[in-house]
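K.L.:
What follows is a structure written as structure tokens; I'll ask about it next.
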Amino acid sequence: RLFDLDPDLLPLFQYNCKQFASPQECLSAPEFLDHIRKVMLVIDAAVNHLENLSCLEEYLCNLGKKHQAVGVKVESFSTVGESLLYMLEKCLGTAFSPDVREAWSKLYGAVVNAMQRGWETLPEGD
């Protein structure tokens with residue numbers, strides 16, 4: 001869904017300087033699948049620390065800095081969020097109520113806000 005929503009994100013996923021010719025090629029690459037696993041580990045950590053997300057602040061800020069360093073724009077995270085909500089809706093079906101959607105949106109928003117603070121804390125000249 002990610003590349004359907006924003007095909008311009010495809011060039012951001014380069015592994016070993018290899019640029020993918022198509023979304024399908026990227027989606028089947030082991031490196032991309034590993035990246036998706038890492039994204040889901042971050043989501044899992046956020047869920048597991050729901051009552052104390054601040055304990056993940058430093059990690060998420062650093063993760064934001066890493067994403068900025070490779071050219072990711074903060075705005076791209078909204079597309080990732082839409083893709084996450086789409087996947088949850090498809091997997092959960094009728095259990096994906098408006099309240100569940102709102103809860104996931106808030107959680108994802110908190111993660112992105114912490115990552116965005118990584119952009120804001122970069123020293124001058126970086």
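The values are calculated or read from the model by the stated rules, or taken from the named source; none is laboratory data. The shown structure was predicted, so the numbers you read here are calculated from the model rather than taken from an experiment. Positions of Cβ are generated from backbone atoms using ideal geometry, with glycine treated the same way; all protein chains shown enter the neighbour counts. These accessible areas exclude ligands, DNA and RNA; they are computed on the full protein's heavy atoms, side chains included. Shrake-Rupley method; radii C 1.70, N 1.55, O 1.52, S 1.80 Å.
K.L.:
If contacts are Cα pairs under 8 angstrom and at least 6 residues apart, what is the relative contact order of the chain in percent?
P.N.:
Taking the mean separation of contacting Cα pairs over the length of the chain, I get 31 percent.
K.L.:
Give the distance, in whole Å, between the Cα centre of region 1-39 and the Cα centre of region 78-110.
P.N.:
Going from one Cα centre to the other spans 21 Å.
K.L.:
Further question: Quick one: grab the alpha carbon gyration tensor of the chain, order the square roots of its eigenvalues as a ≥ b ≥ c, and give me rounded if a/c is under 1.5, else prolate or oblate depending on whether a/b is larger than b/c.
P.N.:
Taking the square roots of the gyration eigenvalues as a ≥ b ≥ c, the chain is oblate.
K.L.:
Quick one: accessible surface of MET40, probe radius 1.4 Å, all protein chains present, in square angstrom to the nearest 10.
P.N.:
80
K.L.:
Among the aspartates and glutamates, which fall within straight-line cross-link reach of LYS90, defined as a Cα-Cα distance under 19 Å, with same-chain neighbours fewer than 8 residues apart omitted?
P.N.:
ASP4, ASP44, GLU82, ASP99, GLU102
K.L.:
Ok, one more. Report the FRET efficiency, 1/(1 + (r/R0)^6), for LEU92 and ASN52, where r is their Cβ-Cβ distance and R0 is 35 Å, rounded to 0.05.
P.N.:
Values: r = 25 Å, r/R0 = 0.73.
Working from the Cβ atoms, E equals 0.85.
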